[in-house]
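Have a look at the structure below before the remarks.
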Amino acid sequence: MTKLNRRNFMKFAAGSGITMASGLGASQSAFAGSIKMQAGGRDFSPITKKERQAIPTACWQCVTRDSMIGYVEDGRLVKLEGHPDSIRTLGKLCAKGQAGVNQVYFPDRILYPMLRAGKRGEHKWKRISWDEALDLIASKLKPLRDAGTPELFMYQYGRHKASQAATMYDFMGAYGTKTIGNHTSVCEAAKWVGQESLWGGMYDNWDYDKTDYVVIFGSNQFETHTNHIPTSQRLIRAKVDRGVPLYVFDVRLTNTAAKADQWVPINVGQDGLVMLSMCNVIMNEGLYRKDHFKFMRVTEDYHATDEQKIAAVKKNVAKYTPEFAEKHSGVPADTIRKIARGFAKANSACLVTYRGTVMHYHGADQERAAMLLSAITNNLDRPGGRVMGVGAGWKHPSSPKAKVHKGLDVNDGFPDEAAYPTHHVSHQVLPMIKDGHAGRPKVYWWSCYNPGFINGDNKELQSILQDESLMPFLITSTIVYDESSQFADLILPDVTYLERWDWEDMVSANQIAEFYIRQPLVKPLGESRCQGDVWPELAKRIGFELAYTSKEDFVRQSCEMTPGVREAGGFEYMKKHGVWHDPDAKPNYGFYEAKVDVSGDGIILDEKTGVYWNWKKAGAASEAEAKKNGYLGTKGAKGAYVAQDIGGTAYLAYPPKTKFTKAGYLDFYSDNFAKKGLPAFPTYTPIPEHQKMAEDELNLTTYKVAVHTHSRTAHCKWLTEIKHDNPGWINTKTAEARGIKNGDKIRVYNDLGEITTTAYVTEGIIPGVIAISHHFGRKHSGVYGSGKRSPLPGEAAADPDVKNIWWNKHGTHPNAIIPNSSDPISGTQRWMDTVVRVAKA
Amino acid sequence: MSDTKGPEISRRKFLSGVGTAAVGTAALVAPGVNIEAASSKKAPRWVMVMDLRKCIGCRACTVACKSENDVSLGRFRAVIQEKTMGTFPNTKKAFLPLMCNHCEGNKEDGIPPCIKACPEYPGERAKFKTSNGKTIRYRKGATYKRPDGLVLIDKEKCIGCGKCIDACPYGVRSFDPFVKAGGDPSKQAVDKCDMCAHRVDNGVEPSCVNTCQGRARIFGDLNDPDSEVSKLVKAYDLAKADNVLLPEEGTDPHVFYIDPDNILKTLYTQRKKGKLDHFVDQMP
């Protein structure tokens, strides 16, 4: 088959009339031996046979945001497929991405601004105009701004990235509120906090095209991932085409585990222990690679020799023998030894973790263990290893900032809840607002977010939204009536991502940045409007101006401002081609090895840490004072980091690019952790709830399936048809002990409440666990997602498929019995620590 | 598979036994693939090779097909079957992609059972133009086989009798609730995978192939000895009965499976008579 690349795709599409001329009849043709088939980039109607209009754009079903081609027939979007020119996706698109078509045309889509007409939650609505809606919002927001209290306007988002986030932050900055919430603590915050404490940045990627060995903990790459399509296709090809060994540690036999050389069942919350035990094997058997120790700090001493560091790592992991790990994790000691040896001996190896590993008590420390294992085997940011993700760096216009710029302290959890909530504690935002000690917003606006569904104890969160005494005015921008928008005072009809402009920047799987855009495939349905078009309108009504007039204008300006994209042809080029990468770019590896010139004005060496820093840039009063207080004792020094002195050479090393103040070492001994009473070195810390479990109690874990995002796809009919129910996975022995047979109705309960589902009795899960996917049990998500129509006047074009719905189950939602409870290090929601009982209903 | 109520698909009218073309040969009939002989012909022979080592059960193919062909809810033109096997902790799970096998038909007459069951076959005479300008004559019908091997449906000619649905041992055909049968508008037309003939005829791979992450689905011309499918058929000896579904039916399927783990034998859930719920893509 022809492998299309960036250079020949458009050429091929344009010249295809000639290429295809031979043998093409009106309705039939043949080209035996003479024609190479084209993989994609063109599509035709199966009915009329006419070529469909092809428009490059980008997905938004999940955060992977694949670049893709949309096909339009008579003004209607009919098909999506991967962009054949993309170096990230290589022309592939997952099931969710393909079902993006359903996002535009599902019959319950919200198409008009709606004002609440009854009590909150009474489902009574009145259609209003956009003018009325914007005037109403301005009438709430302007007085807050004029009174010098812009922080009383809170905005919280679920999925905002790239220009969707940039336009929002730009508006909020110009308005003046810093009360902006996100959703990362329910996603994977612990993973980022663990990484930031070490290599000073975050988002690891895995170099599957070049790797020789892959070990995965608690990550289901073949079904779902934050960089799903770019990574999973490369992993399965590495496995089959190159015979790369793949080991998957998981409580459940996921599709990823199913394709591995071995599924290694592991008890809940023990991933970090097994990784530390692998470190134990590698250190004791002398299988470590010395190369990376010079970049590591493993004791208090900043100037330790490699030998001292090796001895210290050995000592710190000594207690995690494979036998000790077996006792707690259930993984046989010999299996740990086998995989540890294979991992260490491979020329390069990827250590992969995700939610299964980190959504726990001390989840951030589990990620630190993963980094340690990668570092001692010299697999950090080098070919075939665990690498720092490389994404596109766009330039974009910025509006003047407001004079008063303030925020409510509701984003980082309750006092002392989390030591380093650098990605916030989003699941506690509504509970904190209820609590009231940090103040309450007068206007709360959420977008692409469903707090009453996606957080723990979600029914309690719904009750907070419903209570008018807590927050008097609620706005949501959404395409679907859901568990949260039912309590809004004003619903704004958002566009789908297939009707809007964006530039995009998700990381590549090959260490070369890809710049790509999203453009509308069809005109927005009804009166739906892009948020990026709402901001300039709203700003005008409140009394300030933005640096752009529409989202399209923002994207156009960005394309003309961004080096590389600009020279390639800017906005017009991107509209036509959708993607761009620097053809001369080399894959980015080993950033820490860069040697740095430290002769610049103001650069001094900090004797204690070995950090070169610029005292002038840090804003120190004088060189003498800077030297006296030192790098660690000077506020602002972190931002003035220049290099790390290692054996007399100034390396870029691992700069502290995040909120962690640290030297340029990989901080496996972390002062930051030590001073807060947390383990300074990666440590096995048992999960408190699991230590006191009764004999008949089980761990509850949740997961994603291949055909759904967490909460934004239930109304996508092609996905929900395949998966609409979520029985509880339970091991045969665990079920037998409770008299439960496959298909039995079961109760799953704890102090928080009770849910009912059916039992999926299987040999594909470790005993002692019940696993329930977290997509279902929708109370509102339109007819496909919840079985009932949304109570809103006005609807999208009738969908004749509604009468073909054949399923009547809509599953159950496990979040109702999962408390909002944070990792004390990172503030991440501890999804996987919940303890339940299970009984036949 | 799992616990769901069957979709409407299984409740539609099915004719019993009449016209089924199961060839009662006891011995396994190897598919009639002969690369050397085939390469001298003028028309291509489109086939699919499914490399089961690379199928990760992601369902991109299932949904791509739904979208490409606007397939109504309750039925599929392509599905994945999956099954968990073995005893903990040595448990395995495997995936098996299914679609129309675009059968060659038995050795005697070269007519697949679905076509043999079609009351409208043989119908009008048609010409197939090859890339080198030659013409191959063949007979159409409400369902028929094109000289390039694609088994197609002409919904204008279809009378909605459902005999072909019943005759297909693989159960890949169903009534399309969106399209009336042209030959009897009181009934619905039959529908199934046509290998995206509308794309293939324009030199573009089928929609399920284009999006397959592991490149588990490989499409091409078996009459071209240099094609990837021809090379795979040769390299993996796919022309053996072991590498197609239900060889004992004598249908000579042209969807070949690279199957070192013997998934066809251990996983494949066949249709039950008068039912199609084996062909509904579901996850446990």
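The figures follow:
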| item | result |
| --- | --- |
| Matching option when the condition is of a type in the set (V, I, T) and over 30 Å from A:A147 (Cβ atoms), among A:V404, A:V387 | A:V387 |
| Among residues of the stretch B:217-245, those that are touching a Leu at 6+ places or on another chain (Cβ under 9 Å), among the hydrophobic types (A, V, I, L, M, F, W, C) and more than 8 Å from every other protein chain (Cβ to nearest Cβ), counted | 7 |
| Residue list for the stretch A:232-251, restricted to those being at the interface with chain B (Cβ under 10 Å from one of its Cβ atoms) and not aliphatic (A, V, I, L, M) | A:S232, A:Q233, A:R234, A:R237, A:K239, A:D241 |
| Helices (runs of 4 or more DSSP H) fully within the stretch A:456-565 counting 1 or more residues that are touching a Gly at 6+ places or on another chain (Cβ under 8 Å) and within 30 Å of A:G384 (Cβ to Cβ) | none |
| Within the stretch A:72-124, considering residues that are aromatic (F, W, Y) and surrounded by fewer than 24 Cβ atoms within 10 Å (Cβ to Cβ), the one nearest to A:E468 (Cα to Cα) | A:Y112 |
| Criterion (modelled with pLDDT under 95 and either at positive phi or more than 7 Å from chain A (Cβ to nearest Cβ) (or both)) met by exactly one of B:A78, B:A22, B:A43 | B:A22 |
| Meets criteria (assigned to a helix (DSSP H, G or I) and touching a helix residue (DSSP H, G or I) at 6+ places or on another chain (Cβ under 9 Å)) for B:L238 | no |
| Residue selected from the stretch B:84-110 under the condition buried (at least 21 other Cβ atoms within 10 Å of the Cβ) and in a loop (DSSP other than H, G, I, E, B), by the criterion modelled with the lowest pLDDT | B:N106 |
| Test set (1) within 14 Å of chain B (Cβ to nearest Cβ); (2) of a type in the set (A, V, I, L, M, F, W, C); (3) not in a loop (DSSP other than H, G, I, E, B) - A:L90 fails condition number | (3) |
| Check on B:C118, under 18 Å from B:D194 (Cα atoms), part of a loop (DSSP other than H, G, I, E, B), hydrophobic (A, V, I, L, M, F, W, C) and in contact (Cβ under 8 Å) with a residue 12 or more places away in the chain | yes |
| Filter pass, A:P400 being in a loop (DSSP other than H, G, I, E, B) and either within 30 Å of A:P536 (Cα to Cα) or in the same structural domain as A:T231 (by TED's automatic domain parsing) (or both) | yes |
| Set B:D281, B:D252: member being on the phi > 0 side of the Ramachandran plot, under 16 Å from the mean Cα position of the chain (by Cα) and in contact (Cβ under 8 Å) with a residue 24 or more places away in the chain | B:D252 |
| Residue check for A:V274: more than 10 Å from chain B (Cβ to nearest Cβ), surrounded by 24 or more Cβ atoms within 10 Å (Cβ to Cβ) and either touching a residue at least 60 places away in the same chain (Cβ under 8 Å) or farther than 22 Å from A:V358 by Cβ (or both) | yes |
| Search result, residues across the stretch A:58-108 that are acidic (D, E), without any contact (Cβ under 8 Å) to a residue 60 or more places away in the chain and over 17 Å from B:C212 (Cβ atoms) | A:E73, A:D74 |
| Any hit, the stretch A:260-269, residues being assigned by TED's automatic domain parsing to the domain that holds A:G384 and over 20 Å from A:P322 (Cα atoms) | yes |
| Check on B:V179, within 26 Å of B:H278 (Cβ to Cβ), in contact (Cβ under 8 Å) with a residue 24 or more places away in the chain, within 12 Å of chain A (Cβ to nearest Cβ) and outside any loop (DSSP other than H, G, I, E, B) | yes |
| Residues satisfying the stated conditions in the stretch A:337-374, i.e. more than 12 Å from A:E188 (Cα to Cα) and of a type in the set (V, I, T) | A:I339, A:V352 |
| Number of the condition not met by A:K434 [criteria: (1) surrounded by fewer than 19 Cβ atoms within 10 Å (Cβ to Cβ); (2) part of a loop (DSSP other than H, G, I, E, B)] | (2) |
| Residue in the stretch A:223-246 that is over 30 Å from A:Y654 (Cα atoms), of a type in the set (S, T, N, Q) and in a loop (DSSP other than H, G, I, E, B) present | no |
| Subset of the stretch B:201-227 [at pLDDT 95 or above and in a helix (DSSP H, G or I)] | B:S207, B:C208, B:V209 |
| Top-ranked residue of the stretch B:126-169 - restricted to ones that are assigned to a helix (DSSP H, G or I) and out of contact with any helix residue (DSSP H, G or I) (no Cβ under 6 Å at 6 or more places or on another chain), ranked as nearest to the other protein chains (Cβ to nearest Cβ) | B:I165 |
| Filter result (without any contact (Cβ under 8 Å) to a residue 12 or more places away in the chain and among the small types (G, A, S)) within the stretch A:277-304 | A:G286, A:A304 |
| A:S348, sole failed condition from (1) under 27 Å from the mean Cα position of the chain (by Cα); (2) outside any loop (DSSP other than H, G, I, E, B); (3) surrounded by fewer than 20 Cβ atoms within 10 Å (Cβ to Cβ) | (2) |
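The values are calculated or read from the model by the stated rules, or taken from the named source; none is laboratory data. Because the structure is a prediction, the values reported are computed rather than measured. Cβ atoms come from the backbone with ideal geometry, glycine included; neighbour counts cover every protein chain shown.
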